[in-house]
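All remarks here apply to the structure that follows.
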There are 2 protein chains.
Amino acid sequence: MKPVTLKQIAETLDISITTVSKALKDYPDVSKKTKKLVKELAETLNYKPNVFAVNLRTKESKTIGLIIPEVVHHFFSNVIKGIIAQAEKKGYLVIILQSNESYELEKKQIDLLFSKRVDGILISLANGTGDFKHLNDLMAQDTPLVMFDKIAKIVNCSKVIINDRKAAYTATKHLIDSGCKRIAHFRGPLLPQNSIDRFLGYKQALTDNGFAYDPSLVYICDCSDQSFDEGKNSAKQLLEDHDDVDGIFINTDLVAIGALTEFQKQGISVPEDIAIVGFSNWFMSSVISPTLSTIDQPGFKMGKTAFKLLYKEIKSRKENLPIKFKTVELETKLIERESTRRFHQKV
Amino acid sequence: MKPVTLKQIAETLDISITTVSKALKDYPDVSKKTKKLVKELAETLNYKPNVFAVNLRTKESKTIGLIIPEVVHHFFSNVIKGIIAQAEKKGYLVIILQSNESYELEKKQIDLLFSKRVDGILISLANGTGDFKHLNDLMAQDTPLVMFDKIAKIVNCSKVIINDRKAAYTATKHLIDSGCKRIAHFRGPLLPQNSIDRFLGYKQALTDNGFAYDPSLVYICDCSDQSFDEGKNSAKQLLEDHDDVDGIFINTDLVAIGALTEFQKQGISVPEDIAIVGFSNWFMSSVISPTLSTIDQPGFKMGKTAFKLLYKEIKSRKENLPIKFKTVELETKLIERESTRRFHQKV
DNA sequence: CGATTTTACGAAAACGTTTTCGATTATGTG
DNA sequence: CACATAATCGAAAACGTTTTCGTAAAATCG
């Protein structure tokens with residue numbers, strides 16, 4: 001009933017534990033004969049090394065931690081999938097924790113993962129996180145850390161991101177190229193760098209192309225569970241406030257779809273009256289009517305590369321090589337769909 | 001730089017390791033005085049017990065494994081969230097693996113988790129899984145296992161499910177009560193028990209209410225990534241095959257929304273021409289137009305209770321209590337929305 | 001055949017806890 | 001004061017592995 005150990009194999013074969021261990025790991029100083037004997041017995045006894053002992057000896061667990069603001073999220077769940085897939089390839093397991101966008105929770109979870117002695121941590125920051133002591137402490141204690149998507153530029157570690165600003169610029173430029181003359185923006189919450197960057201990209205696209213930036217055209221959506229409703233509400237508000245807006249760049253597909261729904265309800269036609277570009281390329285955006293132009297945000301790939309960076313760092317540390325932090329910026333691309341398909345007047 | 005150990009505390013305080021360990025765990029046979037001393041020093045040194053050693057000693061890792069067919073899935077991601085939330089409450093961490101609906105992968109992952117010596121495993125079966133040796137082996141080797149949602153009735157372990165058959169019956173009955181005279185069914189793949197049960201519930205609702213069961217009204221959707229498109233295609237096919245269908249019970253909300261989209265495109269109005277009931281209560285179904293009637297499937301709660309059952313089993317095993325397997329059936333409820341709001345003619 | 005190198009093996013320490021059980025000291029009782 | 005009891009403590013084993021280093025036997029060589 002009890003799990004087989006090296007000791008048992010050693011005793012039944014009447015050799016030492018050392019030799020058994022070495023045989024199983026193909027050390028050169030054990031004969032082919034005994035290797036074969038040991039391996040066969042191990043096989044028939046279904047021997048599995050006790051990871052607890054291995055961890056203790058080797059000081060590593062082949063496990064990494066992942067802290068994510070929200071699991072139920074189309075983008076993040078794709079990231080998770082990418083991370084798990086890549087980790088599995090390298091023999092790593094991943095423990096997932098959810099910060100619920102709370103700084104306090106995030107701090108606790110970092111602590112928890114550290115005390116669990118994971119080999120490294122992958123994190124996408126909570127919106128509330130403005131202090132980074134917990135992250136710097138972690139790294140000071142020799143735990144590799146890489147941040148993705150929602151990052152802190154100040155923290156010195158590897159990162160994988162998209163260029164939110166550039167992507168937003170492209171999205172807004174696309175509205176301009178589509179002939180929009182007055183372009184609004186539904187932005188995300190004030191805190192995370194991403195919504196700031198997207199906002200800045202929007203703004204710069206405007207000014208670069210001779211448009212005046214008008215703060216009254218920027219609406220804030222607190223992208224929570226109610227994203228969809230916030231889209232609807234902001235759309236409603238926009239219609240009350242302005243009658244000349246003919247294009248909107250929206251922080252997120254779900255909010256955009258909310259807005260779209262509201263417009264359709266009020267008889268505003270998209271894209272003829274108002275063109276819309278979303279963000280994320282959520283699968284639903286290719287599915288609704290009109291299909292939604294958007295920025296493709298490669299979640300799965302982000303997960304994969306985030307793990308790859310972490311893996312490199314773990315390896316470097318083991319081999320005592322110098323570790324150099326890297327920031328990789330993943331390509332986004334504009335997906336043109338019906339919601340911006342108007343009379344094109346490219347400049 | 002190196003982590004603090006009991007030994008270091010013991011040496012600086014000039015007492016034994018034993019006493020330090022006991023002091024930290026509030027054993028009765030150590031004086032308040034030394035307890036205070038030890039605890040204070042541990043605090044200032046930021047002592048964290050080495051989990052690897054603890055695991056080895058106690059033979060448990062306070063970690064459970066979770067195998068799920070697909071992470072990027074509205075229902076499953078809610079289950080994941082529920083599991084993580086409940087596990088965290090009890091001090092457990094969860095390792096997530098994805099089977100991609102593959103039996104082979106599932107088997108490997110069970111093996112992997114077993115060799116990682118997780119304290120227990122939560123699983124929702126892959127569609128392809130028809131053989132259960134890997135699960136029975138696992139349990140024979142003393143690893144607690146509980147299955148949820150996609151289960152195997154044959155395997156003797158705790159389970160948490162919904163009554164798919166009953167829910168489907170309710171959904172279909174609702175169509176009948178809404179005045180539908182000829183009701184189709186878009187079912188899921190042939191294998192998993194869930195789609196079989198939903199199909200059976202549909203069938204029984206028909207026959208119980210004096211409707212003839214017509215196999216030609218049952219369409220199969222292989223609920224993969226392309227669920228939405230399958231919904232569209234099945235809808236298209238249905239319109240070609242039959243012109244008298246006025247109600248459909250659909251295996252999944254996403255497929256239902258696909259069908260809905262196709263109907264709208266072809267000028268079939270929902271619910272007037274065809275009423276639709278979906279399954280899952282995906283948030284999108286309350287958001288599209290017309291809003292979709294559906295069966296609410298409590299993913300988050302399912303995750304929580306699945307962990308609770310597993311936790312109980314882990315505890316029982318530790319205390320050598322007899323373990324009794326339990327199957328808990330979670331309530332589903334019909335959500336009536338616009339897609340079935342016709343001339344009600346309740347019997 | 002003696003010297004040297006290879007080959008094959010094992011003893012033992014170490015990783016950091018937890019827990020049993022025995023020993024020592026302090027306290028209480030008559 | 002002698003003795004029993006209670007209060008504190010620590011030695012040591014155990015969990016199962018990995019790895020260093022030493023040694024004995026076998027093979028090689030001149």
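The values are calculated or read from the model by the stated rules, or taken from the named source; none is laboratory data. As the structure is a computational prediction, the values presented were derived from the model and not from experiment. Using ideal geometry, Cβ is built from the backbone for each residue, glycine included, and neighbour counts are taken over all protein chains shown. Remember, those area values only see protein heavy atoms, side chains included, never the ligands or the DNA or RNA. Shrake-Rupley method; radii C 1.70, N 1.55, O 1.52, S 1.80 Å.
Which three lengths, in whole Å and largest first, does the range A:252-347 cover when its Cα atoms are put on their principal axes?
Largest first, the range A:252-347 extends 64, 31, 16 Å along its Cα principal axes.
Give me the inter-chain shielding for A:42-54: mean count of other chain Cβ atoms within 10 Å, whole number please. Don't skip to the end; give the middle numbers.
Numbers: counts 0, 0, 0, 0, 2, 0, 6, 1, 5, 8, 13, 4, 2.
The per-residue average across the peptide is 3.
Tell me, what HN-Hα J-couplings in whole Hz come from the Karplus equation 6.51 cos²θ - 1.76 cosθ + 1.60 at θ = phi - 60° for each residue of the range B:96-112, using x for Gly and Pro?
My calculation for the range B:96-112 gives 9, 10, 10, 8, 6, 6, 10, 4, 4, 4, 4, 5, 4, 6, 4, 4, 4 Hz in order.
What value does the range B:6-49 have for Rg/Rh, both radii from Cα atoms and Rh as Kirkwood defines it? Show your work: numbers first, answer last.
Values: Rg = 9.0 Å, Rh = 10.0 Å.
Reported Rg/Rh, Kirkwood definition of Rh: 0.90.
Count, for each residue of A:275-287, the Cβ atoms from other chains sitting within 10 Å of its Cβ, then give me the mean as a whole number. Don't skip to the answer; put the middle values down first.
Working: counts 0, 0, 0, 0, 0, 0, 0, 0, 6, 6, 0, 1, 9.
Partner Cβ neighbours, averaged per residue: 2.
Can you check how the C-alpha radius of gyration of the range A:100-164 compares to 2.2 N^0.38 Å, as a plain ratio?
Compactness ratio reported: 1.03.
Which distance in Å, rounded to a whole number, links the C-alpha centroids of the range B:1-57 and the range A:221-294?
If you average the Cα positions of each part, the centres end up 58 Å apart.
Convert 37 °C to kelvin, take the viscosity as 0.692 mPa s, use the Kirkwood radius over C-alpha pairs of the range B:241-289 as Rh, and evaluate the Stokes-Einstein diffusion coefficient in µm²/s, rounded to a whole number.
Values: Rh = 11.0 Å.
Estimated diffusion coefficient is 298 µm²/s.
Evaluate the distance, in nm, between pseudo-label points positioned 7 Å from the Cα of B:Lys48 and of B:Asp111 along their respective Cα→Cβ axes.
3.3 nm
So if we plug the beta-carbon distance of B:Asp214 and B:Gln264 into 1/(1 + (r/R0)^6) with R0 = 22 Å, what FRET efficiency do we get, rounded to 0.05?
Values: r = 25 Å, r/R0 = 1.15.
For B:Asp214 and B:Gln264, the calculated efficiency is 0.30.
Beyond 23 Å, what share of the Cα-Cα pairs of the range A:131-261 remains, rounded to the nearest whole percent?
Distances greater than 23 Å cover 39 percent of the Cα pairs.
Considering protein heavy atoms only and a 1.4 Å probe radius, which residues within the range B:79-123 exhibit an accessible-area decrease of no less than 50 Å² in the full assembly relative to the chain by itself?
B:Lys81, B:Ile84, B:Glu88, B:Leu93, B:Ile95, B:Ile96, B:Lys116, B:Arg117
Label B:Asp131 and B:Glu40 with points 7 Å out from Cα along Cα→Cβ: what is the distance between them in nm?
Here the answer is 6.4 nm between the modelled labels.
Rolling a 1.4 Å sphere over the protein heavy atoms, what is the accessible area per residue of the range A:1-124, to the nearest Å²? Mind dumping the intermediate values first?
Numbers: 6120 Å² over 124 residues.
Solvent-accessible surface per residue comes out at 49 Å².
Nearest 100 Å² is fine: how much accessible area is buried between A and B, summed over both sides, with a 1.4 Å probe? It would help to have the intermediate numbers written out before the result.
Values: alone 17800 and 17850 Å², together 31180 Å².
Buried: approximately 4500 Å² between B and A.
In 10 Å bins starting at zero, report the fraction of Cα pairs in the range B:59-159 per bin as a rounded %.
Percent of pairs per bin, in order: 16, 53, 29, 2.
Provide an ascending nm list, one decimal, of label-point separations from A:Asp111 to the equivalent residue in each further copy; define each label point as 7 Å from Cα along Cα→Cβ.
Distances to the matching label points in the other copies: 4.0 nm.
Non-local amide H neighbours of A:Gly120 (under 5 Å, H modeled in plane, Pro and chain starts lacking H): which ones?
Amide H neighbours of A:Gly120, under 5 Å, 5+ apart: A:Gly65.
Determine the shape class of the range B:170-238: with a ≥ b ≥ c the square roots of the Cα gyration tensor eigenvalues, call it rounded for a/c under 1.5, and otherwise prolate if a/b is greater than b/c, oblate otherwise. Could the numbers behind the result be given before it?
Working: a/c = 2.15, a/b = 1.52, b/c = 1.41.
Prolate, since a/c reaches 1.5 and a/b exceeds b/c.
Can you give the mean number of other chain Cβ atoms that lie within 10 Å of the Cβ atoms in peptide B:212-222? Display every interim value, and only then the final one.
Numbers: counts 0, 0, 0, 0, 0, 0, 0, 0, 0, 0, 0.
Rounded to a whole number, the mean comes out at 0.
If you take the Cα Rg of the protein assembly as shown and divide it by 2.2 N^0.38 Å, with N the number of residues, what do you get? The partial results should precede the final answer.
Details: Rg = 28.7 Å, N = 694, 2.2 N^0.38 = 26.4 Å.
The reported ratio for this selection is 1.08.
At a 10 angstrom cut-off on C-beta neighbours, averaged per residue, how do the peptides A:320-327, A:134-141, B:145-152 rank from highest to lowest? Before the final figure, lay out each step's value.
Details: A:320-327: 11.1, A:134-141: 16.1, B:145-152: 23.6.
Going by the mean number of other Cβ atoms within 10 Å, highest first, we get B:145-152, A:134-141, A:320-327.
Over its Cα atoms, what ratio of radius of gyration to 2.2 N^0.38 Å does the range A:198-271 give?
Compactness ratio reported: 1.10.
Calculate, for B:Asp222 and A:Glu272, the FRET efficiency according to 1/(1 + (r/R0)^6) with r their C-beta to C-beta distance and R0 45 Å; round to the nearest 0.05. Mind dumping the intermediate values first?
Numbers: r = 37 Å, r/R0 = 0.83.
For B:Asp222 and A:Glu272, the calculated efficiency is 0.75.
Normalising by the residue count of the range A:6-49, find the relative contact order in percent from Cα pairs under 8 Å and 6+ residues apart. Numbers along the way, then the final one.
Values: 30 pairs, mean separation 14.7, N = 44.
Relative contact order for the range A:6-49 comes out at 33 percent.
How big is chain A by Rg and Dmax over its Cα atoms, in Å?
Reported Rg and Dmax, both Å: 26.3, 89.
Please report the carbon-and-sulfur percent of the accessible area for the protein assembly as shown; probe 1.4 Å, protein heavy atoms only, DNA, RNA and ligands left out.
Details: 16240 of 31180 Å².
Reported share for carbon and sulfur atoms: 52 percent.
Go ahead and run the numbers for FRET between A:Glu329 and A:Lys181, Cβ-Cβ distance against an R0 of 35 Å, rounding to 0.05. Don't skip to the answer; put the middle values down first.
On the way: r = 32 Å, r/R0 = 0.91.
Computed FRET efficiency for A:Glu329 and A:Lys181 comes out at 0.65.
Where does chain A land at 222 nm, in deg cm²/dmol rounded to the nearest 500, when only DSSP H runs of n ≥ 4 count, each adding -39500 (n - 2.57), divided by all residues?
Dividing the helical sum by the residues of chain A leaves -14000 deg cm²/dmol.
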